[in-house]
Amino acid sequence: MKGKKLFILLSALDAEEFTLLGRAVRSPLMNTNQRVVALYEYFQSFYPLLEGPELEGEVLFSCLFPDEAYNDYKLRRLISSLSQLVEQFLVYLEAKREEQEAPLLLIRALGRRNLHNYFEKKSMEVLDTLDNSPYRDLDYYNRKVEVFTNYYFHPFTDKRAIEPGRLQELVNDMDYSYALKMYRLGNELRNRERIFSEQYQLTGIDALTVQYGDGILSENVVFRTYRSLFNAYQDEENPVLFREFKENFITHIDEMGQDDRNLLFQQLLNYTIRRINQGDSSYYREALGLYRMGLKNELLIDGGRMSEATYSNIVMVSCEEGAYDWAKSFIEQYENLLDDEAKEDTVAHCFSLWHYFQGQHDKALQVLSGHRFSGPFLYSSRMTAIRIIFEQFLMDRTYYDLLLSQCKAFEKFLRRDTSLSRDRNELHKNTSALIRKIATAIYRHEPVDEVKKWALAEMNSGQAFVLRNWLQNKMLQLTALPT
């Protein structure tokens with residue numbers, strides 16, 4: 001189908017925006033090509049799906065140019081023209097949403113046209129408005145620096161009339177802007193180092209710490225919170241640094257804009273989950289508290305939606321902490337925030353976990369076997385079933401054949417499956433194979449201490465596993481063969 005880019009752009013518009021696009025298409029200020037108008041009006045009948053044989057090249061061309069032979073180049077040019085107009089329209093929508101941008105654009109326009117009196121008046125008005133804004137964040141300092149720098153360096157500005165205090169304030173604002181940019185990026189890179197085993201040199205941040213650590217920059221609560229996060233990354237084993245970061249964030253969350261709230265909260269959550277994955281179960285309580293705070297402050301919802309990963313993690317963490325009533329209430333209260341395609345799978349898997357953590361193994365398996373999972377839940381649901389049957393086997397050896405068949409079937413499925421990334425495939429395959437190996441050793445009455453020793457050694461050999469903490473705990477708790 002020709003015009004794939006155009007259809008993607010049009011599909012990104014909601015009904016109100018698509019209608020408004022029609023006004024833009026018909027406006028002589030944005031378009032004078034009546035063929036583009038005709039193309040838009042033709043698409044109106046197919047919005048929002050924008051699919052069907054009527055949109056194929058030759059059919060589309062014959063409707064727009066009924067008296068002409070098919071001309072592929074002409075059709076492509078027309079589609080490209082509408083695509084460019086839609087892109088301009090998206091810029092217009094964005095500028096309309098970003099109300100703060102309009103005064104800055106006006107200042108630039110006045111300055112370029114040497115309307116200095118109006119330029120100066122508008123610059124001072126914007127600076128006063130910024131000083132009355134509730135947040136002292138990166139956006140605030142960037143705007144102040146841009147407005148005052150443009151004003152100061154305008155050729156008609158009387159520089160002798162500028163008070164030294166205003167210039168010193170400009171320098172301080174530039175320091176804040178640079179520092180916040182560096183710490184924002186620096187913390188993200190420290191996070192990447194832990195996820196992807198990358199290394200970055202951050203000498204600029206080191207210089208900031210030495211020069212401004214306890215000086216004027218530390219007066220800004222956003223800067224102070226970013227800096228405390230960076231310190232926590234420098235020594236993750238030190239719980240005092242984590243507490244300092246968390247206290248800074250919670251204490252000053254109302255003094256931060258939404259972008260900083262979201263970014264810092266996600267970093268705080270990532271830090272906590274990483275500690276859990278490293279085997280520190282005390283951080284489950286921290287994670288549950290953060291999730292509750294995130295729900296209260298709408299930090300876990302984006303565009304009216306919650307990701308299935310976040311939804312599932314909240315259920316998992318709350319069940320780990322034994323907050324079963326709260327977990328059940330969460331599942332039911334927030335399921336409507338899930339995408340329709342993943343909703344049934346996510347809710348079913350979460351209810352299986354809810355039963356499992358309460359020791360209701362048979363009910364959990366009933367949920368898993370009674371639902372047809374798809375997508376990523378094909379793997380997590382089958383891995384959950386293996387986990388449950390393994391625990392049943394540890395208490396009753398008659399579950400051995402069922403466990404063995406589940407593991408072998410899953411491993412065969414993984415060998416044939418090509419939809420999962422190679423790394424994720426290996427995670428599941430390694431875990432299933434190790435569980436099968438452990439169960440076989442136990443079933444054959446091998447000495448418990450030896451099973452524990454080689455199983456723990458294999459888990460710490462550098463191979464990747466899912467459910468590592470759970471399996472390690474099961475091995476550490478293994479004290480005798482089931483009777």
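The values are calculated or read from the model by the stated rules, or taken from the named source; none is laboratory data. Quantities reported herein were computed from a predicted structural model and do not represent experimental measurements. Counting neighbours? That spans all protein chains shown, and the Cβs are built from the backbone with ideal geometry, glycine included.
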When the residues of the stretch 348-368 are filtered to those that are among the polar types (S, T, N, Q) and without any contact (Cβ under 8 Å) to a residue 12 or more places away in the chain, which remaining residue is surrounded by the most Cβ atoms within 10 Å (Cβ to Cβ)? 360
From the option list 79, 8, single residue qualifying as touching a Gly at 6+ places or on another chain (Cβ under 8 Å), among the β-branched types (Val, Ile, Thr) and not assigned by TED's automatic domain parsing to the domain that holds residue 105 is 79
Failed criterion for residue 53 (all others in (1) at pLDDT 90 or above; (2) under 38 Å from the mean Cα position of the chain (by Cα); (3) over 15 Å from residue 18 (Cβ atoms) hold): (1)
Being in a helix (DSSP H, G or I) and more than 30 Å from residue 123 (Cβ to Cβ) narrows it down to one residue among 60, 49; which is it? 60
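Just checking, how many residues over the stretch 301-329 are assigned to a helix (DSSP H, G or I), among the hydroxyl-bearing types (Ser, Thr, Tyr) and within 19 Å of the chain's Cα centre (by Cα)? Full working, then the answer.
Narrowing the stretch 301-329 to residues assigned to a helix (DSSP H, G or I): 308-320, 324-329.
Restricting the remaining residues to those that are among the hydroxyl-bearing types (Ser, Thr, Tyr) gives 310-312, 318, 324, 329.
Now restrict to residues that are within 19 Å of the chain's Cα centre (by Cα): 310-312.
Residues meeting the conditions: 3.
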Taking the stretch 306-350 and keeping residues farther than 13 Å from residue 377 by Cα and acidic (Asp, Glu) leaves 320, 321, 325, 332, 335, 339, 340
Go through the stretch 80-115 residue by residue and tally those that are of a type in the set (Gly, Ala, Ser) and modelled with pLDDT under 90. 2
Taking residue 17, is it part of a helix (DSSP H, G or I), within 38 Å of the chain's Cα centre (by Cα) and either modelled with pLDDT under 90 or on the phi > 0 side of the Ramachandran plot (or both)? no
Restricting to the stretch 330-382, give me the number of residues that are under 20 Å from the mean Cα position of the chain (by Cα), hydrophobic (A, V, I, L, M, F, W, C) and within 19 Å of residue 407 (Cα to Cα). 1
Taking residue 379, is it aromatic (Phe, Trp, Tyr), under 21 Å from residue 472 (Cα atoms) and at pLDDT below 95? yes
Name the single residue, out of those in the stretch 41-50 being closer than 19 Å to residue 85 by Cβ and under 34 Å from the mean Cα position of the chain (by Cα), that is surrounded by the most Cβ atoms within 10 Å (Cβ to Cβ). 43
Tell me which residues, restricted to the stretch 235-251, are part of a helix (DSSP H, G or I) and either charged (D, E, K, R) or buried (at least 17 other Cβ atoms within 10 Å of the Cβ) (or both). 241, 242, 243, 244, 245, 246, 247, 248, 249
